[in-house]
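Engineer: Can you keep this structure in mind? I'll have questions shortly.
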Amino acid sequence: AQAERMQALEPKIQAFVTPTVDKALEQAALVDAKIVAGEAIGPLEGVPMAIKDNMCTDGVRTTCSSKILENFVPPYDATVVTKLKEAGAIMMGKTNLDEFAMGSSTENSGFFTTRNPWDTERVPGGSSGGSAASVAAGQAVFSLGSDTGGSIRQPAAFCGVVGLKPTYGAVSRFGLIAFASSLDQIGPFTRDVRDCALVMNAIAGHDAKDSTSAPVDFPDYTSLLGKSIKGWRVGLPKEYFGDGIDPEVRAVIEKAVKTIESLGAEVAECSLPHTEYALPVYYLLAPAEASSNLARYDGVRYGYRSESADDLISMFKKTRAEGFGDEVKRRIMLGTYALSSGYYDAYYLKALKVRTLIKNDFDQAFEKFDCILSPTTPSVAFKFGDRTDNPLQMYLSDVFTLSVNLAGIPGLSINAGFANGMPVGLQIIGKAFDEARLLQIAHAYE
Ligand code: GLN
């Protein structure tokens, strides 16, 4: 039934770059056989999932929605994929994204755009737009996305589902195709908070294959669900409630805050004074790291190679000119500039220093508060084409999510209600490795 639903909706939503329904049906038959035989089953046995197409899948094409990787078939699974297979989940396909996860609407995909299931004239958000849309449309029970500056939380908000960006180092990045390595983190999209906790139980944990994976004890993420949040101190950063928010979004968030208060939490204003620098800092650091990570696509090692080249240098140039889309090229140029000698100190190094100030803001706030609430995005999902002519407009879609990646802390987006028929996301931010408590407050609210 799940396969039928997925295929019936796909022409409308276009969430999948590579569907793997045939394989999924074969696996589902094996699950049935297992159950009939009375064999032990995994915690996610038979559960249909979708995986963002920037995570490597053994024998299944992994494109990053880029022409440069259009025919790349990895010979191994990302650690998250291995873990989910072990837990019994079944992959329905690989989902669409903004090329190399650079964007906020999935309009930068090198192949096609994905539509928002709530209104197919609107974007699903991005960059994990396919993953968010597939869960919102019920094409999969859960999916994985990656979040470098908001790419899980923002599409979760736009599609009305739960999206968690875990603490940096909580989920292995082995097999995730790198965008900005110091910011990238994998996390789940689900319909409700309990499912999110269950997927986290399957994917979180130390991995020797990722040197930035944290060697800490990981909790049972369901353990605090259902517990009261009475007496919690909840901060509302004044910098996130300024002029930039749509009035309809503000109204929904204010109502959600009242509900949280009525559950026994003490809500007070707080301050994250360096918030205004998050966008410029992110757009120096993320492109700098991307320009370095994307140097490997040279026509020799992976994927596409230009056919019209006549020597080595022209092969590099033509392969990259033909293989990468405009936004990826823009990032490579911005990043190369910020890292070049003469500008490195003024841009890259300065941005690193301000990144520390942004992290310190959060450390100070968490001395007084258990968690921080904000809107996930300043507006609801916008219409196709609304922001494609103006990159800065597009970048502003993530003003409320970027700081969390710069600080390496977890952020969760849950649906807080609707404005003009479109979902509005509430962002809950916590201290490092405090995901179980973020899920607790989200569950109490839900
Ligand atoms: N929209 C942001 C960008 O374009 C964030 C993307 C992401 O989190 N992968 O870089």
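The values are calculated or read from the model by the stated rules, or taken from the named source; none is laboratory data. In this text the structure is predicted, and so the values were computed from the model without any measurement. Ideal geometry is used to build each Cβ from the backbone, glycine not excepted, and the neighbour counts take in all protein chains shown.
Every residue, every condition in (1) hydroxyl-bearing (Ser, Thr, Tyr); (2) touching a residue at least 40 places away in the same chain (Cβ under 8 Å), yes or no:
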site	(1), (2)
Pro43	no, yes
Met49	no, yes
Lys52	no, yes
Ser66	yes, yes
Val73	no, no
Val80	no, yes
Ala87	no, yes
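Engineer: Being under 20 Å from Thr388 (Cα atoms) and in a loop (DSSP other than H, G, I, E, B) is the filter; apply it to the stretch 120-147 and report the residue that is nearest to the ligand (Cβ to nearest atom).
Structural biologist: The qualifying residue nearest to the ligand (Cβ to nearest atom) is Ser127.
Engineer: Pairs please, first residue from the stretch 424-446 and closer than 16 Å to Phe369 by Cβ, second anywhere and surrounded by fewer than 24 Cβ atoms within 10 Å (Cβ to Cβ) and aromatic (Phe, Trp, Tyr), Cβ atoms under 7 Å, 6+ apart in sequence or on different chains.
Structural biologist: Lys431/Phe366; Ile441/Trp232
Engineer: Give the number of residues within the stretch 364-420 that are part of a helix (DSSP H, G or I) and either in contact with a helix residue (DSSP H, G or I) (Cβ under 7 Å, 6 or more places away or on another chain) or under 22 Å from Ala286 (Cβ atoms) (or both). Don't jump to the end; show me each part of the working.
Structural biologist: Initially, the stretch 364-420 is screened for residues part of a helix (DSSP H, G or I), giving 364-368, 391-398, 402-407.
Still in the list and also either in contact with a helix residue (DSSP H, G or I) (Cβ under 7 Å, 6 or more places away or on another chain) or under 22 Å from Ala286 (Cβ atoms) (or both): 391-398, 402-407.
Within the stretch 364-420, residues that are part of a helix (DSSP H, G or I) and either in contact with a helix residue (DSSP H, G or I) (Cβ under 7 Å, 6 or more places away or on another chain) or under 22 Å from Ala286 (Cβ atoms) (or both) number 14.
Engineer: Which condition number in (1) buried (at least 16 other Cβ atoms within 10 Å of the Cβ); (2) on the phi > 0 side of the Ramachandran plot is the one that Gly264 fails?
Structural biologist: (1)
Engineer: For residues that are within 13 Å of the ligand (Cβ to nearest atom) and under 12 Å from Leu144 (Cβ atoms), scanning just the stretch 174-197, find the one that is surrounded by the fewest Cβ atoms within 10 Å (Cβ to Cβ).
Structural biologist: Filtering the stretch 174-197 down to residues within 13 Å of the ligand (Cβ to nearest atom) leaves 176-187.
This time we only want the ones that are under 12 Å from Leu144 (Cβ atoms), so: 176, 185-187.
Details: Leu176: 24, Gln185: 26, Ile186: 30, Gly187: 31.
Looking at the filtered set, the residue picked out is Leu176.
Engineer: Right, here's the next one. Suppose we filter the stretch 392-446 for residues that are out of contact with any Ser or Thr (no Cβ under 7 Å at 6 or more places or on another chain) and within 14 Å of the ligand (Cβ to nearest atom); how many remain?
Structural biologist: 8
Engineer: Something else: Confirm whether Ser105 is near the ligand (Cβ under 9 Å from one of its atoms), more than 9 Å from the chain's Cα centre (by Cα), part of a loop (DSSP other than H, G, I, E, B) and not basic (Lys, Arg).
Structural biologist: Yes, satisfied.
Engineer: Could you say whether any residue in the stretch 66-75 is away from the ligand (no atom under 16 Å from the Cβ), at pLDDT below 95, part of a loop (DSSP other than H, G, I, E, B) and of a type in the set (D, E, K, R)?
Structural biologist: no
Results for (1) out of contact with any Gly (no Cβ under 7 Å at 6 or more places or on another chain); (2) of a type outside the set (A, V, I, L, M); (3) at pLDDT below 95, shown as yes or no for each residue.
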| site | (1), (2), (3) |
| --- | --- |
| Lys383 | yes, yes, no |
| Pro391 | yes, yes, yes |
| Asp398 | no, yes, yes |
| Ala407 | yes, no, no |
| Lys431 | yes, yes, no |
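Engineer: If you check Val171 against the conditions, is it surrounded by 24 or more Cβ atoms within 10 Å (Cβ to Cβ) and touching a Cys at 6+ places or on another chain (Cβ under 7 Å)? Spell out how you get there, then give the answer.
Structural biologist: Numbers: surrounded by 24 or more Cβ atoms within 10 Å (Cβ to Cβ): yes; touching a Cys at 6+ places or on another chain (Cβ under 7 Å): no.
In short, no.
Engineer: Something else: Is one or more of the residues making up the stretch 214-230 in a strand (DSSP E or B), modelled with pLDDT of 95 or more and either touching a strand residue (DSSP E or B) at 6+ places or on another chain (Cβ under 9 Å) or surrounded by fewer than 18 Cβ atoms within 10 Å (Cβ to Cβ) (or both)? Talk me through it step by step, then tell me what you get.
Structural biologist: Filtering the stretch 214-230 down to residues in a strand (DSSP E or B) leaves none.
There is no residue in the stretch 214-230 that is in a strand (DSSP E or B), modelled with pLDDT of 95 or more and either touching a strand residue (DSSP E or B) at 6+ places or on another chain (Cβ under 9 Å) or surrounded by fewer than 18 Cβ atoms within 10 Å (Cβ to Cβ) (or both).
Engineer: Out of Leu339, Leu279, which single residue is at negative phi and away from the ligand (no atom under 16 Å from the Cβ)?
Structural biologist: Answer to the check: Leu339.
Engineer: Right, something else. So, in the stretch 154-173, exactly how many residues are within 13 Å of Ile409 (Cα to Cα) and within 11 Å of the ligand (Cβ to nearest atom)?
Structural biologist: 1
Engineer: Anything in the stretch 79-102 that is of a type outside the set (Asp, Glu), farther than 23 Å from Gly205 by Cβ and in a loop (DSSP other than H, G, I, E, B)? List them, or say none.
Structural biologist: Matches in the stretch 79-102: Asn96, Leu97, Met102.
Engineer: Inspect the stretch 398-406 for any residue being of a type outside the set (A, V, I, L, M) and surrounded by fewer than 21 Cβ atoms within 10 Å (Cβ to Cβ) and give the result as yes or no. Steps first, please.
Structural biologist: Quick first cut of the stretch 398-406, residues of a type outside the set (A, V, I, L, M) only: 398, 400-401, 403, 405.
When the remaining residues are screened for being surrounded by fewer than 21 Cβ atoms within 10 Å (Cβ to Cβ), the result is none.
Checked against the condition, which is being of a type outside the set (A, V, I, L, M) and surrounded by fewer than 21 Cβ atoms within 10 Å (Cβ to Cβ), the stretch 398-406 yields no hits at all.
Engineer: Same structure, new question: Here's a check for you: in the stretch 21-59, which residue that is more than 18 Å from Ser128 (Cβ to Cβ), among the β-branched types (Val, Ile, Thr) and within 24 Å of the chain's Cα centre (by Cα) is surrounded by the fewest Cβ atoms within 10 Å (Cβ to Cβ)?
Structural biologist: Here is the first cut: in the stretch 21-59, the residues more than 18 Å from Ser128 (Cβ to Cβ) are 21-47, 58-59.
From the residues that got through so far, the ones that are among the β-branched types (Val, Ile, Thr) too are 21, 31, 35-36, 41, 47.
Within this subset, residues satisfying the condition of being within 24 Å of the chain's Cα centre (by Cα) are 21, 47.
Numbers: Val21: 18, Val47: 21.
Top of the filtered list is Val21.
Engineer: Moving to a separate point now. Quick one: which residue in Gly126, Gly163 is without any contact (Cβ under 8 Å) to a residue 40 or more places away in the chain and not polar (S, T, N, Q)? Lay out the reasoning, then the answer.
Structural biologist: Details: Gly163 fails: without any contact (Cβ under 8 Å) to a residue 40 or more places away in the chain.
Result of the check over Gly126, Gly163: Gly126.
Engineer: I need the full set of residues from the stretch 8-33 which are under 20 Å from Ala136 (Cβ atoms), assigned to a helix (DSSP H, G or I) and in contact with a strand residue (DSSP E or B) (Cβ under 9 Å, 6 or more places away or on another chain), in order please.
Structural biologist: Glu10, Ile13, Val21, Ala24
Engineer: Scan the stretch 421-435 for residues that are part of a loop (DSSP other than H, G, I, E, B) and charged (D, E, K, R) and jot them down. Full working, then the answer.
Structural biologist: Of the residues in the stretch 421-435, the ones part of a loop (DSSP other than H, G, I, E, B) are 421, 430-434.
Matches in the stretch 421-435: Lys431, Asp434.
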